[in-house]
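Chemist: Dropping a structure here in structure tokens format, bear with me for questions.
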Amino acid sequence: MSEQIIGMQQWFETPPGRYLLAWERAEFDRAVGDIFGYHALQLGLPELDALRTNRMPHRWLALREPQPRGAANGRSGLVTDFAALPFAENSIDLVVLPHALELNVDPHATLREVERVLVPEGKVVICCLNPASLWGFRQRRAHLYRRLGFGELFLPDAGEFIGYWRLRDWLRLLSFEVEAGNFGCYRPAISSDKWLGRYQWMDRIGERWWPIFGAVYFLVAVKRVRGVKLIGPTWKASGNIAAAPVPLANRGRPNYLKDRP
């Protein structure tokens, strides 16, 4: 496995990693539970079952590299290149990407492939680390210190973190319409369970007073295709009662005495 993926998996076992996963798990459970269809796909991060509350009959996990034997998460998946998914065009109803873009050399190619396999009106759910946060600031400072020969990174060295508005622009260029977006995990960049617990109050006030500075953000977008209109079940209206006159025989009152002898 690549060093980036190993580093990310190890980081998710740390106190801040577990804190982040708990928030993301709750967000995915809420977001995908009411998305209907037949086929759903998760790209990457087997530590998080992002489709566990979804009720589609066919659900897949795609990985860039095979899982090592005895992996803690115990999940296996389809090993494939995220920029060349083995699915037909317009065949998947839902794609979830938990940190899949940050671990990718070419996130643009991954998003284009997601757009290709999604059906019209299909949905994509994405979560990414937020560079405009206390965690992102500490990471940038650690990179600067490393150039000077000391310091260590707080977050995994997993490629380039993508800003919230930047990702929205990418989605818009691919004809996606963002339905929802929110941020989470406002506690400081601390590596101790004890101190993370003491700053629990920051999650409550952060969501209200500085919502765009959460350590992670979450997006739900819909693939829009011009000229495509979803057609529901056809209901035949009951036929109107015919208003045309109907000829009737012997319309007059019969004269029973006429033919009497």
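The values are calculated or read from the model by the stated rules, or taken from the named source; none is laboratory data. From a predicted model like this one, the values you see are computed outputs, not experimental measurements. Cβ coordinates were reconstructed from backbone atoms using ideal geometry, including for glycine residues, and neighbour counts include every protein chain displayed. For the accessible areas, the whole protein counts, side chains as well, though only heavy atoms, and no ligand, DNA or RNA atoms are used. Shrake-Rupley method; radii C 1.70, N 1.55, O 1.52, S 1.80 Å.
Chemist: Looking at segment 159-178, I want the residues that are among the acidic types (Asp, Glu) and have a partner that is open to solvent by 70 Å² or more (accessible area, probe 1.4 Å) and outside any helix (DSSP H, G or I) with Cβ atoms under 8 Å, at least 6 apart or on another chain. Which pairs are those?
Modeler: Glu177/Arg224
Chemist: Please specify each residue of segment 1-17 satisfying the condition of being more than 24 Å from the chain's Cα centre (by Cα) and either at pLDDT 70 or above or of a type in the set (Val, Ile, Thr) (or both). Working first, answer last.
Modeler: Our first condition is that a residue be more than 24 Å from the chain's Cα centre (by Cα); within segment 1-17, this holds for 1-3, 14-15.
Those that are more than 24 Å from the chain's Cα centre (by Cα) and either at pLDDT 70 or above or of a type in the set (Val, Ile, Thr) (or both): Thr14, Pro15.
Chemist: Taking only segment 83-113 into account, find how many residues are over 18 Å from Met8 (Cα atoms) and either without any contact (Cβ under 8 Å) to a residue 40 or more places away in the chain or acidic (Asp, Glu) (or both).
Modeler: 9
Chemist: For segment 47-68, indicate whether the set of residues that are surrounded by 19 or more Cβ atoms within 10 Å (Cβ to Cβ), outside any helix (DSSP H, G or I), among the small types (Gly, Ala, Ser) and on the phi > 0 side of the Ramachandran plot is non-empty.
Modeler: Within segment 47-68, not a single residue is surrounded by 19 or more Cβ atoms within 10 Å (Cβ to Cβ), outside any helix (DSSP H, G or I), among the small types (Gly, Ala, Ser) and on the phi > 0 side of the Ramachandran plot.
Chemist: Across segment 71-97, what is the total count of residues that are outside any loop (DSSP other than H, G, I, E, B) and modelled with pLDDT of 95 or more?
Modeler: Number of matching residues: 6.
Chemist: I'd like to check something: does segment 213-223 contain any residue that is part of a helix (DSSP H, G or I), open to solvent by 90 Å² or more (accessible area, probe 1.4 Å) and either more than 18 Å from Leu21 (Cβ to Cβ) or at pLDDT 55 or above (or both)? Steps first, please.
Modeler: Of all residues in segment 213-223, those part of a helix (DSSP H, G or I) come to 213.
Next cut, open to solvent by 90 Å² or more (accessible area, probe 1.4 Å) only: 213.
Next, only the ones that are either more than 18 Å from Leu21 (Cβ to Cβ) or at pLDDT 55 or above (or both) stay: 213.
There is at least one residue in segment 213-223 that is part of a helix (DSSP H, G or I), open to solvent by 90 Å² or more (accessible area, probe 1.4 Å) and either more than 18 Å from Leu21 (Cβ to Cβ) or at pLDDT 55 or above (or both).
Chemist: Now for a separate question. Are there helices (runs of 4 or more DSSP H) fully within segment 108-210 with at least 3 residues that are crowded, with 17+ Cβ neighbours inside 10 Å? List them. Reasoning before the result, please.
Modeler: Values: elements: 134-147, 164-173, 193-198, 201-209.
By residue number, 134-147, 164-173.
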